[in-house]
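Q: One structure is given below, represented as structure tokens, and several questions about it will come after.
Readers should treat all values here as calculations from the given coordinates under stated rules, not as data from a laboratory. A quick note: this is a predicted structure, and the numbers were derived from the prediction, not measured. Neighbour counts are summed over all protein chains in view; Cβ atoms, including those assigned to glycine, are modelled from backbone coordinates with ideal geometry.
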Amino acid sequence: DAKTTQPTSMDCAEGRAANLPCNHSTISGNEYVYWYRQIHSQGPQYIIHGLKNNETNEMASLIITEDRKSSTLILPHATLRDTAVYYCIVKAGTALIFGKGTTLSVSS
Amino acid sequence: EAGVAQSPRYKIIEKRQSVAFWCNPISGHATLYWYQQILGQGPKLLIQFQNNGVVDDSQLPKDRFSAERLKGVDSTLKIQPAKLEDSAVYLCASSSYVGQTLAGGYTFGSGTRLTVV
């Protein structure tokens, strides 16, 4: 599976959009981009995934660049409950391989 | 839909003792995973089952760790004997596939926090 690079930490003000970047320059054509988050003392939670097109669901939006070498997870109106570690994973095989992720801190 | 159930929630044991964790996946999910998460790190895959068969156990320390999924439903992960470095959260997850495509994401349980003293 392709390796991903994420910033170690980010801050966001409550009510503002949180834009979490992820670089995956070695991604292959059949590899999906997955985003998960992990709130303290809980198991990781699925957020969204995509292959080529931008995706949106009730939790977030996923923007994938045309060359697919990077993506951005957007939380449109961050709340305090969005404080968590966010993992970007590129997957082609049958198991998710997690990196260290980005710690997002949302403050009021 | 009921989530992935894991027990116990916490466990403290002395080194060289044995311990077992139990996981009941979401009904109908054929694929089950065990992950180990050491404090400050992302989850690390230990073993993946498809029904009752092992798909990938390349990261499982087989000299002390074992896992089984009899009947293709719930699963048990065992450590014997435990070492101090086994202190971690053990996460179970399940998923379903449509052909080769993962249908949605994995669903994780809340994990078992193991402390080896």
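Q: Please list the three semi-axes, largest first and in whole Å, of the ellipsoid equivalent to chain A, using sqrt of 5 times the eigenvalues of its alpha carbon gyration tensor.
A: Numbers: eigenvalues 99, 42, 28 Å².
One finds semi-axes of 22, 15, 12 Å for chain A.
Q: Taking the dipole about the Cα centre of chain B, with the C-beta of Lys and Arg at +1 and of Asp and Glu at -1, give me whichever of B:Gly72, B:Leu60, B:Pro8 is farthest to the positive side.
A: Checked the options; the winner is B:Pro8.
Q: Need one number: nm distance between label points at A:Asn30 and B:Lys71, each 7 Å from Cα along Cα→Cβ, rounded to one decimal.
A: 3.6 nm
Q: So if I place +1 on the C-beta of Lys and Arg and -1 on the C-beta of Asp and Glu, and nothing else carries charge, what would the dipole magnitude of chain A be about its Cα centre? I want it in debye, nearest 20.
A: Details: 9 positive and 9 negative charges, 39 e Å.
With Lys and Arg at +1 and Asp and Glu at -1, about 180 debye.
Q: Between A:Arg16 and B:Ala20, with labels modelled 7 Å along Cα→Cβ, what's the label distance in nm to one decimal, could you check?
A: Distance between the two pseudo-spin positions: 5.2 nm.
Q: Sort A:Glu58, B:Glu14, B:Glu68 so that the residue with the fewest other Cβ atoms within 10 Å of its own Cβ comes first and the one with the most comes last. Let's see the in-between values first.
A: On the way: A:Glu58 5, B:Glu14 10, B:Glu68 14.
If I rank by nearby Cβ atoms, fewest first, I get A:Glu58, B:Glu14, B:Glu68.
Q: Can you list the cysteines of the protein assembly as shown that have no other Cys Cβ under 4.7 Å away?
A: Here A:Cys12 come out as lacking a disulfide-compatible partner, given the Cβ-Cβ threshold of under 4.7 Å.
Q: Oh, and also: Once the other residues with Cβ under 14 Å from the Cβ of B:Asp63 are scored (Lys, Arg +1; Asp, Glu -1), what is the net sum? Don't jump to the answer; show the numbers that get you there.
A: Numbers: positive: B:Arg16, B:Lys62, B:Arg64, B:Lys78, B:Lys83; negative: B:Asp57, B:Glu85, B:Asp86.
Once all neighbours under 14 Å are counted, the net charge is +2.
Q: Please report, to one decimal in angstroms, the Kirkwood hydrodynamic radius of chain B built from all distinct Cα-Cα pairs. Please report the intermediate quantities before stating the final value.
A: Working: mean 1/r = 0.0701 Å⁻¹.
Value: 14.3 Å, from the Cα pair sum.
Q: Also, I was wondering about something else. Run the dipole for the protein assembly as shown about the Cα centre, Lys and Arg Cβ at +1, Asp and Glu Cβ at -1, nothing else charged, and hand back the magnitude in debye, nearest 20. Each step should come with its number before you reach the end.
A: On the way: 21 positive and 18 negative charges, 117 e Å.
Once rounded to the nearest 20, the dipole reads 560 debye.
Q: So, one more: In percent, what relative contact order does chain B have, based on Cα pairs under 8 Å that are 6 or more apart in sequence?
A: Values: 289 pairs, mean separation 42.6, N = 117.
About 36 percent, as a whole number.
Q: Output the pairs from A:Lys52/B:Lys71; A:Lys69/B:Lys71; A:Lys3/B:Lys71; B:Lys11/B:Lys62 with a Cα-Cα distance over 31 Å in this structure; if there are none, say none. Let's see the in-between values first.
A: On the way: A:Lys52/B:Lys71 38 Å; A:Lys69/B:Lys71 41 Å; A:Lys3/B:Lys71 35 Å; B:Lys11/B:Lys62 21 Å.
In this structure, A:Lys52/B:Lys71; A:Lys69/B:Lys71; A:Lys3/B:Lys71 lie more than 31 Å apart at Cα.
Q: Could I ask something else about it? Neighbouring Cβ atoms within 10 Å as the yardstick, rank A:Thr8, B:Thr115 fewest first.
A: Values: A:Thr8 8, B:Thr115 13.
Going from least to most buried by this count: A:Thr8, B:Thr115.
Q: Give me the inter-chain shielding for A:36-42: mean count of other chain Cβ atoms within 10 Å, whole number please.
A: Values: counts 5, 0, 5, 0, 0, 5, 6.
That average works out to 3.
Q: OK, next. If we count other beta carbons within 10 Å of each Cβ, what is the order of B:Ile26, B:Ile12, fewest first?
A: Least to most surrounded, the residues fall as B:Ile12, B:Ile26.
Q: Local charge sum around B:Thr112 (other residues, Cβ-Cβ under 13 Å, Lys/Arg +1, Asp/Glu -1)? Intermediate values should be presented prior to the final figure.
A: On the way: positive: B:Arg9, B:Lys11, B:Lys78, B:Arg113; negative: B:Asp86.
Neighbour charge sum, excluding B:Thr112 itself: +3.
Q: Still on this structure, please answer the following. How big is the equivalent ellipsoid of the protein assembly as shown along its three axes, where each semi-axis is √(5λ) from the Cα gyration tensor, reported in whole Å from largest to smallest?
A: On the way: eigenvalues 182, 84, 48 Å².
Semi-axes (√(5λ), whole Å): 30, 21, 16.
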